[in-house]
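Engineer: If you scroll down you'll find the structure; I have some questions about it.
The values are calculated or read from the model by the stated rules, or taken from the named source; none is laboratory data. Note that this is a predicted model, so its numbers are computed, not measured. Here the Cβ positions follow ideal geometry from the backbone for every residue, glycine too, while neighbour counts run over all protein chains shown. When the accessible area is computed, the model is the full protein with side chains, heavy atoms only, and any ligands, DNA or RNA have been set aside. Shrake-Rupley method; radii C 1.70, N 1.55, O 1.52, S 1.80 Å.
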Amino acid sequence: MPTIRFRPRLYDSLRNYSRDDFFTDLAAGITVGFVALPLAMAFGIASGVKPEQGLITAIIGGFLISALGGSRVQIGGPAGAFVALLYAIAERYGIANLLIATSMAGVMLFAMGALRLGQLIRFVPVAVVVGFTNGIAVIIAVQQIKDFLGLSIQKMPANFVSQMGALWDAASTVNPAAIAVGVGSLAIVALWPKAPRRDAHWAVRALARVPGTIVALALGTVIVSALGLSIETIGTRFGGIPDSLPRPGLPSFDWSTAQNLVGPTISIALLSAIESLLCARVADNMTGDRHDPNQELMAQGTANFIAPFFGGIAATGTIARTVTNVRTGARTPVAGMIHALTLLLIMLLFAPLAANVPLATLAAILLHVAYNMGDWRAFPRLRQYSLNYRSIMLTTFALTVIFDLTVAVEVGLVMSSLLFIYRISSLTRLEPITLSQSDAGIAAYQLYGSLFFGSVGKLESLLNPKDPQPRVLILEMHKVINFDTTGLEALEALHRDLFRAGGRLILVAPNEQPRSLMQRTGFLARLGAHNVHGDLTEALDSAHRGVPSDAKVAPPKPPGH
């Protein structure tokens, strides 16, 4: 069992922490806090819970992920990747069971980190990641159409097909005021200057420091309040946002339902692990740093276990907020902790104002997030990739949109595994070696690649009962990189058939892994040392000389043993 190593990056960062570091982290943390404010509320609503639950996730989950994580600059909180999954879980099992599943996923994440499984997330194929990321972006965008257009729909369904039907049926209830606010908000978010020219007026440079999402949120709220527009707001739908954190408490537990939460728990844990470690790698590329994936998983696990006791939902690393954190100069995890405290201060002081925030503005912000989240250029680039890559990505994308993320990732991973097996088996070759006329009765073959369960058929085809059998069969194996127990069984069967017919199997130059497996299972002893040689010349000399009189020959292992 591996020894658990719990060492947050914060511990090392504070060793030589200076006053200059603090003020740099302070500026970055406050900036990211304002960027996270509308996103946290919007992701909460889109996930099927109240907006304050998104804020609580960003405050508690974000603080714990920064304080305990394995990255210097990663920002944690509710993420767009979870929207479709959490909404479906909440619809099917209820909010209480969603919180229970999130806490159980936290335990699983911590265990993954403690057992040092962080590197395994890298084995998820790029085609699967791109497929489900683009699928999630489509789902987020579709879910925002209702509020962006002001449609009168009592409750949005959980699946894509039903959502499109509900939107079509409610098309006649479009609210022009909501469209105006939504379009204006989207224009502000998309067009707000990110990096003004150095020679721009000081006022332009100052305004550019304010996130476009905050500007859209403030203007949308002011316009709706001043003009008295009849559109839905946080207040009309949710009754506003409380001005304090709730007291911790256990979600109501129903075992008859909770025992069915294994699938949702695994889905939340895997998605959180994938998203957080992908985000950490993005941060590493920007900073030249290197995160600790196992420590990051333990931090994610702690955050996801604790946040639901306050009503929070699943938290993970968030790429947009992490990138903002890096670009504004964050140096240590203190910036992420300040981001969480900034959100808490805003919640305590300005919660009553949130009642007037129009949902059309939050929908516009999420539409912009969905657009930036998806890798839309991946579709026209598909022609450059193999049929396998295209099949995996498009299947994962379609299943994410039409069914759900869990099914999509499962099918995508199974497809990737099967296509990989097919690819590797197709690379395994068995080619005859041309011998001289003096080598009559001897057959020699060169074996390339990997001899495993997907490629053993090529070895089984060597001895055709309809053809004359060689008295000696030589297998040149120095280009066999590895084989598994199924490959060993095929080799054993070949040896057994030749032995029964009075022939011999000779192996030439087996590599370390195949030799080790054959040694440990006793196959080399049964084959005999006189039937294993270092090169083809030695093997041919042995074949001509026959079996030495002092050779120890053990009978082959019978089938099924």
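Engineer: Please calculate how many Å² of accessible area the chain carries per residue, with a 1.4 Å probe and no DNA, RNA or ligand atoms counted.
Structural biologist: Numbers: 26210 Å² over 561 residues.
That works out to 47 Å² per residue.
Engineer: Span-like helices, the chain: DSSP H, alpha-carbon axial extent 18 Å or more, mean Kyte-Doolittle -1.0 or greater, which ones?
Structural biologist: Numbers: long enough: 19-46 (39 Å, 1.20); 95-114 (29 Å, 1.81); 126-149 (35 Å, 1.61); 176-191 (22 Å, 2.19); 212-227 (22 Å, 2.21); 262-287 (37 Å, 1.07); 293-306 (20 Å, -0.26); 334-350 (23 Å, 2.46); 359-373 (20 Å, 1.62); 387-402 (22 Å, 1.18); 405-427 (33 Å, 1.64); 485-500 (22 Å, -0.18).
Membrane-span-like by this rule: 19-46, 95-114, 126-149, 176-191, 212-227, 262-287, 293-306, 334-350, 359-373, 387-402, 405-427, 485-500.
Engineer: So, with a 1.4 angstrom probe, what is the percent of accessible area on the chain that is carbon and sulfur?
Structural biologist: Accessible surface attributable to carbon and sulfur in the chain totals 62 percent.
Engineer: Can you bin the range 4-86 into rounded, prolate or oblate? Criterion: square roots of the alpha carbon gyration tensor eigenvalues sorted a ≥ b ≥ c, rounded for a/c under 1.5, prolate for a/b above b/c, oblate for the rest. Let's see the in-between values first.
Structural biologist: On the way: a/c = 3.35, a/b = 1.69, b/c = 1.98.
It comes out oblate by the Cα gyration axes.
Engineer: Probe radius 1.4 Å, ligands and nucleic acids left out: which of 207, 475 has the largest accessible area, and how do the rest follow?
Structural biologist: On the way: 207 95, 475 0 Å².
Highest to lowest solvent-accessible surface, that is 207, 475.
Engineer: Which order do 478, 368, 291 take by accessible area at a 1.4 Å probe, largest first? If you can, show how the numbers build up before the last one.
Structural biologist: On the way: 478 80, 368 40, 291 20 Å².
The residues order as 478, 368, 291, largest area first.
Engineer: Next question, about the same structure. Between residue 421 and residue 153, what FRET efficiency follows from the Cβ-Cβ distance if R0 is 56 Å, with the result rounded to 0.05? Present the calculation step by step, with values, prior to reporting the outcome.
Structural biologist: Details: r = 46 Å, r/R0 = 0.81.
Given R0 = 56 Å and the Cβ-Cβ separation, E is 0.75.
Engineer: If you don't mind, another one. Could you order peptides 43-54, 307-318 by the average number of other Cβ atoms within 10 Å of their residues, highest first? Could you put the intermediate results ahead of the total?
Structural biologist: Details: 43-54: 25.9, 307-318: 27.7.
The most tightly packed comes first, giving 307-318, 43-54.
Engineer: Which whole-number percentage describes the relative contact order of the chain, with Cα contacts under 8 Å and a sequence gap of 6 or more?
Structural biologist: Working: 1005 pairs, mean separation 129.1, N = 561.
Over the chain, the number comes to 23 percent.
Engineer: Using Cα pairs under 8 angstrom and six or more residues apart, how large is the relative contact order of the range 159-318, in percent?
Structural biologist: Values: 88 pairs, mean separation 29.7, N = 160.
Computed value for the range 159-318: 19 percent relative contact order.
Engineer: Using the Cα gyration tensor of the chain, with a ≥ b ≥ c the square roots of its eigenvalues, what is the shape: rounded (a/c below 1.5), prolate (a/b larger than b/c) or oblate (neither)?
Structural biologist: On the way: a/c = 2.76, a/b = 2.38, b/c = 1.16.
The shape class here is prolate.
Engineer: Does the range 432-540 classify as rounded, prolate or oblate by the C-alpha gyration tensor (a ≥ b ≥ c root eigenvalues; a/c under 1.5 gives rounded; else a/b over b/c gives prolate, otherwise oblate)? Spell out each step's value before the answer.
Structural biologist: On the way: a/c = 1.45, a/b = 1.29, b/c = 1.12.
Note, shape of the range 432-540 comes out rounded.
Engineer: Which order do you get for 153, 136 if you rank them by accessible area with a 1.4 Å probe, largest at the top? Write out the running numbers ahead of the final one.
Structural biologist: Numbers: 153 25, 136 0 Å².
Most to least solvent-accessible, the answer reads 153, 136.
Engineer: So what is the calculated 222 nm ellipticity per residue for the chain, using -39500 (n - 2.57) for each DSSP H run with n of 4 or more, over all residues, to the nearest 500 deg cm²/dmol? It would help to have the intermediate numbers written out before the result.
Structural biologist: Details: 25 runs with 323 residues, N = 561.
Per the formula, -18000 deg cm²/dmol.
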